[in-house]
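See below for the structure under consideration.
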Amino acid sequence: MAGTAQIASPTEAAQWYQIITDFPNFFANYERNYQGLMAQGNYIYSQHPEWAADYDALLNKSTDTYNKLFAIQDSIASIKNKWSDFTGWLAQATGLGIVPLVWAGIGAASAAAVIYEAGQLLSEMADRAARYKMAQDYEAKGLTPSQAAAQVKAVLGAPGSAGTFLGISYTVWIIGAAALFFAPALLKKVRGG
């Protein structure tokens, strides 16, 4: 069968089994967030053109990953068509026997990498959704879009940053707190105590 690959080992079968059982909920969550991101397009382009390049870059990455997830969904459908053979083979794990086919040659490791990538994008989508919601809330209180964008940046920092408190990055706060916590022990060691 052209364009397909076989599941070649019990290890790969176990990986596929995990992907198959977890994938439907993961994909549904990704799809909800992806559609939510797409729904913000008109708002971004009309109210915050300064965010358009960042929005477009995230949308492009998210679309690419969405298409890859569809390919995985096709692979899962192929495996589910032979589900009884697959589960029986997995349970025995003594030999390859009848092995299910995976569409487009997508192996379990490739699928896991795409799912990991999608998880990272879910974090980015959640960050942008929070920013867009915060800006809309500020605008509803009477701020202009540029004032709202400045407030969002002051509270959350630039996209991809850890955010700020009193104008100082959360990362700096955490490092500072850790330094204060560990400083007495370090000083004691330095002094030979």
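At-a-glance table
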item	result
Sole residue being more than 17 Å from Y116 (Cα to Cα), of a type in the set (D, E) and either modelled with pLDDT under 70 or out of contact with any Cys (no Cβ under 6 Å at 6 or more places or on another chain) (or both), chosen from D74, D64, D22	D74
Flag for Y30 being in contact with a helix residue (DSSP H, G or I) (Cβ under 8 Å, 6 or more places away or on another chain), part of a helix (DSSP H, G or I), surrounded by fewer than 16 Cβ atoms within 10 Å (Cβ to Cβ) and among the hydroxyl-bearing types (S, T, Y)	no
L59 farther than 30 Å from P159 by Cα, surrounded by 12 or more Cβ atoms within 10 Å (Cβ to Cβ) and either modelled with pLDDT under 90 or of a type in the set (A, V, I, L, M) (or both)	no
All helices (runs of 4 or more DSSP H) inside segment 78-165 with 3 or more residues being among the hydrophobic types (A, V, I, L, M, F, W, C), at pLDDT 70 or above and under 20 Å from P49 (Cβ atoms)	108-140, 145-156
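The values are calculated or read from the model by the stated rules, or taken from the named source; none is laboratory data. Computed from a predicted model, the values in this text were never measured in an experiment. Glycine gets a Cβ as well: all are built from the backbone with ideal geometry, and neighbour counts include every protein chain shown.
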